[in-house]
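To start, the structure itself, in structure tokens.
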């Protein structure tokens, strides 16, 4: 049974659209973007900044997200090197209100907040270490 000309055209159209959407999403993966939300990140995480905390790195993850584990490793290593950073991971399946409040539609997403709770930046996907360090004005320690 062969594919009609109309069916072939639809199939090609769907493949082209899917490829373009995939490339657009992949292009933005891991990029640092400027903060845009007015929510207090510390309040959303349910914690208060400690005396030495300068920045909260709020990671929104999901249980079946493989890149979330890589993001956790990156942020844990970064906070170990920079004690003024605090990393908190939130499971969006357990706390969907946080993702909704921050308008997060994918995991992992990392949102950085300053000490006052103002959003500084966000990263969709696994953050690029150098970009994140530069955006947070951190010195390279490697």
Please tell me if residue 75 is assigned to a helix (DSSP H, G or I) and within 23 Å of residue 46 (Cβ to Cβ). yes
Being part of a loop (DSSP other than H, G, I, E, B) and touching a strand residue (DSSP E or B) at 6+ places or on another chain (Cβ under 7 Å) is the filter; apply it to the stretch 100-116 and report the residue that is surrounded by the most Cβ atoms within 10 Å (Cβ to Cβ). 108
Would you check which residues across the stretch 117-133 are touching a residue at least 40 places away in the same chain (Cβ under 8 Å) and outside any strand (DSSP E or B) and list them? 117, 118, 125, 126, 127, 128, 129, 131, 132, 133
So which residues in the stretch 12-66 are in contact with a helix residue (DSSP H, G or I) (Cβ under 7 Å, 6 or more places away or on another chain) and at pLDDT 65 or above? 39, 44, 48, 49, 56, 57, 58, 59, 60, 61, 62
In the stretch 90-99, which residue that is closer than 19 Å to residue 64 by Cβ and out of contact with any helix residue (DSSP H, G or I) (no Cβ under 6 Å at 6 or more places or on another chain) is surrounded by the fewest Cβ atoms within 10 Å (Cβ to Cβ)? 94
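The values are calculated or read from the model by the stated rules, or taken from the named source; none is laboratory data. Keep in mind it's a predicted model, so treat the numbers as computed, not measured. Counting neighbours? That spans all protein chains shown, and the Cβs are built from the backbone with ideal geometry, glycine included.
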